[in-house]
Amino acid sequence: MRTRLAISAATTVVTLAALLVVPAPAFAAPPQPGGPKPVRDGETYAERDAEAATDVLGGAAAQRAAAQAGTDAAAAQAGASTVLGQQWRERGYPRQQQLRVFPENPTDRAIKLGLLPYHAVAPKLNALQAASNRVSVEVIGQTSQGRDLYLVTVTAPERPDQSRQQDHWRRLIEDAPWLAARDQGLKRSYKTPVWINGNIHGDEYEGLDGQVRLIEKLASATDSNTATLLQRSRLYFTVTNNPDGRVAGTRANGNGFDINRDHATSSQPESRAIRDVAIATQPLVMLDEHGYTGTTLIEPSTAPHGQNYDYDLYIKHAYPDAIGMEQAIQRLGYPETAEAIIPFRDLVPGDWDDWPPIFTPMYSMYHGTIGHTVEVPLQVNGGAYNTLPVEELRRRSAINVDVVEATIRGAISYADTNRSQLIADQIELFRRGWAGEAQRQIPDGYVPGFGPEDRYTTTFPRAYVIPIGSGQRSDAAAARLVDHLIAHDVRVTRAVLPFWLDGRFYKAGSYVVNMHQPKRGLANAMLEAGRDLSTLVPQMYDISGWSHRLLWGASVDVVRGPTLPVISVPVSVARPTGSVPHFAGDLKLTLTSERDVRAVNALLDQGVPVRWLNSGAVVVPHANRSAAVTVAERYGVRFTLAPPGTAGTALERPVIAAAAASDELFTLRELGFEVLPVSTAVINAGFDFAGVDVLFVSAGLSYTGLNTAARARVDAFLATGGLVTRGATGARFNAAAGLLPVTAVQGRGDANGVVSLDNGTGPIGTGAMPNAFVFSPLWFTGIGAGVTVEQRYAAGNPLVAGHWLANDDGTGGPTQAGGQAAVVSGVAARGTAAVLFGTEPMFRNHPKGTFADVARAVLWTTTVA
Ligand SMILES: [Zn+2]
């Protein structure tokens, strides 16, 4: 208790002084030693959360905050941070533990390849820990199917005080780089952190095996070079980032998600674990080991380069590091490893870009790391797995394992050799962030091949403000965004007093993201709109638009200008947001954020007689006030008083039969709906629609592919049930079943990004966000009688950020979509209430602000008789 109070008090004093911001020139001078900068106390988020909440809010409020955090994906993450933080603060190395051993699984797909099945990993790591005091293993999380995720650390033993010193230096680099830059002890003795991640795609196997083999060698080597290396370095290995996928032979994890697309969203336990490792270890260099590209591929990437990087500090190391890795695989001597593809050197812009922070290395770059994807060459998954002879598969896998080991050795060697400059450049990255300095203009030829096509920079705003109360679309969404930013090591503060900024008034308690901070690049990558890249590169590798500010349902204001005259204190968890008015009367809840949806489904689950209003809101009777209070506290949602006499239509908790992609099934379930997966095959096999209220169609269901009996059952369902569709598959289902009279027009297939929308006044459009995410955007023309346009693409070019070109024949472009219907609703002649989405409201669980639109669609269709 004494410790806690002391820490809280000290933190408060320092930060209050720190954030009394003095007007400064646009690009302030670097912070001076001893200057007013908040230095974090180094505690884990979970601990800081508890303290802050207890300190500021008192125990009950703390519990409430914890309960609300617990409703989010945000919850598990804090747990993982605690594991790392707790152990790292109090313990030296080794930090060994007996890992639980998983039952032998003879169907593990790695066995056929002669590689380690997952169940053999824990015994192997247990043995390595027993054999060597250089090896430590920590469990950093569990997969959705309950398997353990391991972090193996290989380093020379450290006493606890030595580990504390290392951790102090690590934090100094981020928190006070101006001090780190002149710390002679740090320069001399900070152990070079290198991190290897493997097997993030479950059926790209050898990342695990190459790591384990290298760990074994490092553990048992008796030469002085290895001993010296481990005195100077900490080598971190997350040996398999996707055990569920490894066992099953799938790219995706147990929830059907590609973890290597989830790092900005953190919807999956595997990506949250990786996020916490990236933050806690702050590696100078990292590799993410994948396969299979025929020829080994080693990043750096092609343009477009993420515009929030300090790219000069990255490419100066990434390029020679890749060359070194290429030489390392060449030395293996296989014809298959005679060369490597380095996209930056060998491919053209757009082929293999590092634009979105959804890939592990790109995400890590924002934490100060020189990140590389490595693709081992020889395919052993997919069709090859089933068709090639076992001997050939094992020959290939053996070469791939060698490539993994060689690239890791190359990266470790680069990091060890260039340790001083890597440390200096990580310090410089965070120093620029604190100082709010502009990114550097990189000259042509800075590294071989660097040219104008590689030049991507941005102008950072001075701050982002996330208002509370009036001016905030959803306090629940705002709290979730704040918690997300904090979990990603973005510093967020809370205004102590009301303030005016850029002509806007903000209540005390509004959140401020001061962009003078070490990880401003990541903060901006999440909060900026992005950029329309359509005319800059012919294509992109994956998504090219996202934005937590525009897509996550909270109002966020951009503050430009040189000063930030706001008094604020650091935040470690968003304040609880739920409320119920004190006056008697029926209660109204508008479905604005996904937390509102979860609250409604929780009420329906309890049998509360919730009534639907066509404005996208629900009414809870006064008699059920206590249930409303409970969900307000649990989900942070805000009830208002319903005007006396507000009627509405009775709701029941809907059951959804969903022919949908994995991310949509996950999201619908996360929203609290009961979801039964279906497909053409499942319905043809006799799926019974009894008890189903709504059919959701976006993938894997073709009306014309149904057999006669199945079609009769679907038709019978459609006479009374609701239909919600997304995308071309959904629109085809609507047309084939003869439901809403509209014509769906498909935009270019690879187009994706953030678009602007104009909202109508129907049950989905009312109060919806003015932005959405699209992928293969769809729009509707020939709007027939009885169809309501819920949302339209903004007139002109609706693309805000991303990549959307017209097809070669001029069709399918954004200006064709401009002004057209994006989401429509109506009641078909045969009685079906239907909503068709041309946008991607649940894509990879990212655009959280549009989840409520889907829920509104589902609920509305159940209320139309
Ligand atoms: Zn991969």
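The values are calculated or read from the model by the stated rules, or taken from the named source; none is laboratory data. Keep in mind it's a predicted model, so treat the numbers as computed, not measured. As a convention, Cβ positions derive from the backbone with ideal geometry for all residues, glycine included, and neighbour counts pool all protein chains shown. Areas reflect the complete protein model, heavy atoms only, side chains present, ligands, DNA and RNA absent. Shrake-Rupley method; radii C 1.70, N 1.55, O 1.52, S 1.80 Å.
Okay, here's what the table says:
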{"item": "Qualifying residue in the stretch 735-757 (condition: in a helix (DSSP H, G or I) and of a type outside the set (Ser, Thr, Tyr))", "result": "yes"}
{"item": "Within the stretch 227-327, strands (runs of 3 or more DSSP E) holding 1 or more residues that are more than 29 Å from Lys848 (Cβ to Cβ) and in contact with a Gly (Cβ under 8 Å, 6 or more places away or on another chain)", "result": "233-238, 285-291, 302-305"}
{"item": "Which listed residue is buried (at least 24 other Cβ atoms within 10 Å of the Cβ) and among the β-branched types (Val, Ile, Thr), from Thr815, Thr788, Thr781, Thr861", "result": "Thr861"}
{"item": "Meets criteria (open to solvent by less than 60 Å² (accessible area, probe 1.4 Å) and basic (Lys, Arg)) for Arg634", "result": "no"}
{"item": "Residue that is farthest from the ligand (Cβ to nearest atom), among those in the stretch 243-271 that are open to solvent by 10 Å² or more (accessible area, probe 1.4 Å) and either of a type in the set (A, V, I, L, M) or in contact with a strand residue (DSSP E or B) (Cβ under 7 Å, 6 or more places away or on another chain) (or both)", "result": "Pro269"}
{"item": "Test: Ala829 is more than 31 Å from the chain's Cα centre (by Cα), among the hydrophobic types (A, V, I, L, M, F, W, C) and within 22 Å of Ala736 (Cα to Cα)", "result": "yes"}
{"item": "Only one of Ala463, Ala479, Ala495 that is of a type in the set (Gly, Ala, Ser) and touching a helix residue (DSSP H, G or I) at 6+ places or on another chain (Cβ under 9 Å)", "result": "Ala479"}
{"item": "Residue list for the stretch 823-842, filter: touching a Leu at 6+ places or on another chain (Cβ under 9 Å) and either β-branched (Val, Ile, Thr) or farther than 20 Å from Gly786 by Cα (or both)", "result": "Val823, Val824, Val827, Thr832, Val835, Thr839, Met842"}
{"item": "Some residue of the stretch 340-356 being outside any loop (DSSP other than H, G, I, E, B), within 16 Å of the ligand (Cβ to nearest atom), touching a Gly at 6+ places or on another chain (Cβ under 9 Å) and within 24 Å of Thr192 (Cβ to Cβ)", "result": "yes"}
{"item": "Hey, His290 within 22 Å of Arg844 (Cα to Cα), within 16 Å of the ligand (Cβ to nearest atom) and touching a residue at least 24 places away in the same chain (Cβ under 8 Å) or not", "result": "yes"}
{"item": "Residue match in the stretch 765-777 (condition: assigned to a strand (DSSP E or B), over 31 Å from the mean Cα position of the chain (by Cα), modelled with pLDDT of 95 or more and not aliphatic (A, V, I, L, M))", "result": "no"}
{"item": "The stretch 582-602 residues that are over 13 Å from Gly849 (Cα atoms) and among the acidic types (Asp, Glu), paired with ones that are open to solvent by less than 10 Å² (accessible area, probe 1.4 Å) and outside any loop (DSSP other than H, G, I, E, B) (beta carbon under 7 Å, 6 or more apart)", "result": "Asp586/Val619; Asp586/Val620"}
{"item": "Residue within the stretch 591-600 that is among the hydrophobic types (A, V, I, L, M, F, W, C) and open to solvent by 10 Å² or more (accessible area, probe 1.4 Å) present", "result": "no"}
{"item": "Subset of the stretch 398-430 that is touching a strand residue (DSSP E or B) at 6+ places or on another chain (Cβ under 9 Å) and hydroxyl-bearing (Ser, Thr, Tyr) - its residue that is nearest to Pro377 (Cα to Cα)", "result": "Thr407"}
{"item": "Wholly within the stretch 367-454, helices (runs of 4 or more DSSP H) carrying at least 1 residues that are within 16 Å of the ligand (Cβ to nearest atom) and β-branched (Val, Ile, Thr)", "result": "390-417"}
{"item": "Leu706 vs. criteria within 31 Å of the chain's Cα centre (by Cα) and surrounded by 17 or more Cβ atoms within 10 Å (Cβ to Cβ)", "result": "no"}
{"item": "Pairs with Cβ under 6 Å, 6+ apart, first in the stretch 237-249 and farther than 21 Å from Asp276 by Cβ, second of a type in the set (D, E, K, R) and open to solvent by less than 10 Å² (accessible area, probe 1.4 Å)", "result": "Val247/Asp108"}
{"item": "Single unsatisfied condition, Asn308 versus (1) open to solvent by 10 Å² or more (accessible area, probe 1.4 Å); (2) under 22 Å from the mean Cα position of the chain (by Cα); (3) closer than 20 Å to Arg440 by Cβ", "result": "(1)"}
{"item": "Answer residue from the stretch 126-170, given it is charged (D, E, K, R) and out of contact with any helix residue (DSSP H, G or I) (no Cβ under 9 Å at 6 or more places or on another chain) and is surrounded by the fewest Cβ atoms within 10 Å (Cβ to Cβ) among those", "result": "Asp161"}
{"item": "Candidate set from the stretch 219-237 (those that are touching a strand residue (DSSP E or B) at 6+ places or on another chain (Cβ under 6 Å) and open to solvent by less than 10 Å² (accessible area, probe 1.4 Å)); member that is farthest from the ligand (Cβ to nearest atom)", "result": "Ser233"}
{"item": "Residues within the stretch 293-325 that are farther than 23 Å from Pro356 by Cβ, in contact with a helix residue (DSSP H, G or I) (Cβ under 8 Å, 6 or more places away or on another chain) and away from the ligand (no atom under 16 Å from the Cβ), tallied", "result": "3"}
{"item": "Count of residues meeting criterion [among the small types (Gly, Ala, Ser) and either open to solvent by 10 Å² or more (accessible area, probe 1.4 Å) or more than 15 Å from the ligand (Cβ to nearest atom) (or both)] in the stretch 190-212", "result": "0"}
{"item": "Index of the failed condition, Arg844 passing every other in (1) more than 24 Å from Ala477 (Cβ to Cβ); (2) open to solvent by 10 Å² or more (accessible area, probe 1.4 Å)", "result": "(1)"}
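Conditions tested, residue by residue: (1) touching a residue at least 40 places away in the same chain (Cβ under 8 Å); (2) within 19 Å of Ala264 (Cβ to Cβ); (3) more than 20 Å from the chain's Cα centre (by Cα).
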position: Gly350; (1), (2), (3): yes, no, yes
position: Asp354; (1), (2), (3): yes, yes, no
position: Tyr363; (1), (2), (3): yes, yes, no
position: Ile370; (1), (2), (3): yes, no, no
position: Leu378; (1), (2), (3): yes, no, yes
position: Leu393; (1), (2), (3): yes, no, yes
position: Asn400; (1), (2), (3): yes, no, yes
position: Val404; (1), (2), (3): yes, no, yes
